[in-house]
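The structure under discussion appears below in the form of structure tokens.
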Amino acid sequence: MMKKIFNCLIVLFAIIFLNADEIDMVEPGSLTLKVGTNANYQPFEYVNMGMEIVGFDIDLMKEISKRADFKFKLLEMSFDDLFAALQEGKIDLAISAIGISEERLTTLDFSKPYFNTETLYLKKKIDNRIKSKNDLIGKNVGVQEGTLQENIAKKIDGIVLHSFATDTSLMNGLRTGSLDSIILDSAVGLRILNKYLDLSEFLRESDGTGGFGIAFKKGNYVELLSKINFAIDSIIEDGTYEKLLVKYKLK
């Protein structure tokens, strides 16, 4: 009987020490997180000619992961699916130019804002019919699906609203005349204005958010969220953030 007990103890200690060795072999940064994004919002996230997902948000996440000591795998999905994926645990966090709003804060936790935006209203430069929001009544107005600007546009009475999957389709609609105006966030809007000189801004207003943030399922990843916030601060303080703004023409 004593021999059996002794043998069991040997096996038990062997298991304990084996597991301890396995834990010790886990190197810093070996934690791999699933990061959701919707690669349809240039310059924040988009697919380049090499079929890679790139952009400001992606470069920012690479910097954050180095400083917060984790690796990550990108999972591309529709913008609306990001929120369901967070709640269902299919992804750990989401970075996709997500505006921090009161509504979203009821079910999600956010990092501190990493980019502040406004809402821009654009039209063709030669169109003298539109000078204010009131002039949009009866006009064809375009927005990108799933954005805060889509929600803003739905509250404008009397417009004919059209939603598009990409900002490229949105811009093409305005330039070809099928749309009279488009509403989008300032970062994307300024990029379009710099590229297409036949378009102009006729209104700029607050988008009612606290800026773009990294989203998590509410109550999860409290320690990770703290590390990410610390990383964002350090990225801003050492000048890396400024370089990313310049790289993606966001200033």
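When you scan segment 183-196, do you find a residue that is modelled with pLDDT of 95 or more and in contact with a helix residue (DSSP H, G or I) (Cβ under 8 Å, 6 or more places away or on another chain), even just one? Yes, that holds for at least one residue.
Of all the criteria given as (1) part of a helix (DSSP H, G or I); (2) under 18 Å from the mean Cα position of the chain (by Cα), the one not satisfied by residue 209 is (1). Looking at segment 49-124, the strands (runs of 3 or more DSSP E) lying wholly inside it that each contain 2 or more residues that are outside the structural domain of residue 183 (by TED's automatic domain parsing) and surrounded by fewer than 19 Cβ atoms within 10 Å (Cβ to Cβ) sit at 71-76. When segment 38-48 is filtered for residues that are closer than 15 Å to residue 145 by Cβ and either among the β-branched types (Val, Ile, Thr) or outside the structural domain of residue 91 (by TED's automatic domain parsing) (or both), nothing remains.
Evaluate the following for residue 201: is it outside any helix (DSSP H, G or I), over 21 Å from residue 80 (Cα atoms) and either of a type in the set (Val, Ile, Thr) or at pLDDT 95 or above (or both)? First the steps, then the outcome.
On the way: outside any helix (DSSP H, G or I): yes; over 21 Å from residue 80 (Cα atoms): yes; either of a type in the set (Val, Ile, Thr) or at pLDDT 95 or above (or both): yes.
It is true that residue 201 is outside any helix (DSSP H, G or I), over 21 Å from residue 80 (Cα atoms) and either of a type in the set (Val, Ile, Thr) or at pLDDT 95 or above (or both).
Does at least one position in segment 180-196 carry a residue that is touching a residue at least 40 places away in the same chain (Cβ under 8 Å), of a type in the set (Lys, Arg) and assigned to a strand (DSSP E or B)? No: segment 180-196 contains no residue that is touching a residue at least 40 places away in the same chain (Cβ under 8 Å), of a type in the set (Lys, Arg) and assigned to a strand (DSSP E or B). Going residue by residue through segment 141-151, is there one that turns out to be surrounded by fewer than 17 Cβ atoms within 10 Å (Cβ to Cβ), modelled with pLDDT under 95 and assigned to a helix (DSSP H, G or I)? So far as segment 141-151 goes, yes, one or more of its residues are surrounded by fewer than 17 Cβ atoms within 10 Å (Cβ to Cβ), modelled with pLDDT under 95 and assigned to a helix (DSSP H, G or I). For beta carbons closer than 7 Å, sequence separation of 6+ or different chains, a first residue in segment 53-75 that is closer than 16 Å to residue 38 by Cβ and a second that is crowded, with 22+ Cβ neighbours inside 10 Å and of a type in the set (Gly, Ala, Ser), the qualifying pairs are 57/96; 57/97; 75/36.
The values are calculated or read from the model by the stated rules, or taken from the named source; none is laboratory data. These figures come from a predicted structure and were not determined experimentally. Cβ atoms come from the backbone with ideal geometry, glycine included; neighbour counts cover every protein chain shown.
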